[in-house]
Amino acid sequence: MKTELSWLGIVAISAAIAMVPNALAVENDAAGTIAPVPDSAQSGGEGESIVQVANLVYAGVKSSKCFSDHFLVRAEQETSISTSRRFHAVKLASEDLYDFPMVIMTGEGTFELPESERQSLRRYVERGGFLLASAGCSSEEWNKAFRAEMEAIFPDHPLTALDMEHPIFHTVNDIETLKGWHADPRPIEGVSIGGRIGVIFSNDGLNDTKHTQGCCCCGGNEITNAEEINVNILAYALTY
């Protein structure tokens, strides 16, 4: 049974540190050295230093397919991160969750997680995993359901709006404002646990559907500079 995140060895952590233009700080142990993270086999047969991101299958059968993976290509172009160019699908209750430093959760309409998935997500985030959640097409039903799940999973750690000075907006790209299709987007929110953001949530959507196939914003107020923001989020997830 996997008991802690195991996706990233010292080589990948060093790469993540080197790639950030603004030189993000990384947590050190009491001796001032980076605490080692155990290696594990990668999904899809890729090399150990390749950073992989997963899109979640949750609430039984709901998928997170309408979220662009194009930011992975951009992250590799603009930084020293070596990424898998495509998402890997993973079930929320699966132990394979621990093979990924960051996972994507999106969709439209209402949903409810079974208790097994709630416990799995709680353990994943508490042990260092990072969840990027985004309401597809600015779906208010999905937004309401996701907020209810966060209250159930992290009752002592509420979603809180992040101001634009937060490091997550300045890891690789300096993001001064959020831009929406039709209006100013609502603030991006986060769940902070142990001094780090473990969950990022956008009510309007960071899906970057212009880089997806068979998906569209469909009248929602999706954030149009999502690709740059998602590169930053990946950098944050790897360095905090």
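Worth a mention:
- Counting only residues that are assigned to a strand (DSSP E or B) and farther than 15 Å from Leu206 by Cα, the range 131-160 holds 1 of them.
- Subset tally (residues that are in a helix (DSSP H, G or I) and either open to solvent by less than 20 Å² (accessible area, probe 1.4 Å) or not polar (S, T, N, Q) (or both)) for the range 102-126: 10
- Among residues of the range 62-92, those that are within 14 Å of Gly129 (Cβ to Cβ) and assigned to a loop (DSSP other than H, G, I, E, B), counted: 1
- Filter result (surrounded by fewer than 18 Cβ atoms within 10 Å (Cβ to Cβ) and either hydroxyl-bearing (Ser, Thr, Tyr) or touching a Phe, Trp or Tyr at 6+ places or on another chain (Cβ under 6 Å) (or both)) within the range 127-164: Thr160
- When Gly44 is tested against (1) at pLDDT below 95; (2) small (Gly, Ala, Ser); (3) not in a helix (DSSP H, G or I), exactly one condition is not met: (3).
- For the residues Ser80, Ser84, Ser134, the requirement of being among the polar types (S, T, N, Q), in contact with a Leu (Cβ under 9 Å, 6 or more places away or on another chain) and farther than 22 Å from Ile193 by Cβ singles out Ser84.
- The one condition from (1) open to solvent by 20 Å² or more (accessible area, probe 1.4 Å); (2) of a type in the set (Asp, Glu); (3) modelled with pLDDT under 95; (4) under 21 Å from Ser68 (Cβ atoms) that Asp184 does not meet is (4).
The values are calculated or read from the model by the stated rules, or taken from the named source; none is laboratory data. Quantities reported herein were computed from a predicted structural model and do not represent experimental measurements. Please note: Cβ atoms are built from the backbone with ideal geometry, for glycine as well, and neighbour counts cover all protein chains shown. Note: accessible area is taken over every heavy atom of the protein model, side chains too, but ligands, DNA and RNA are not part of it. Shrake-Rupley method; radii C 1.70, N 1.55, O 1.52, S 1.80 Å.
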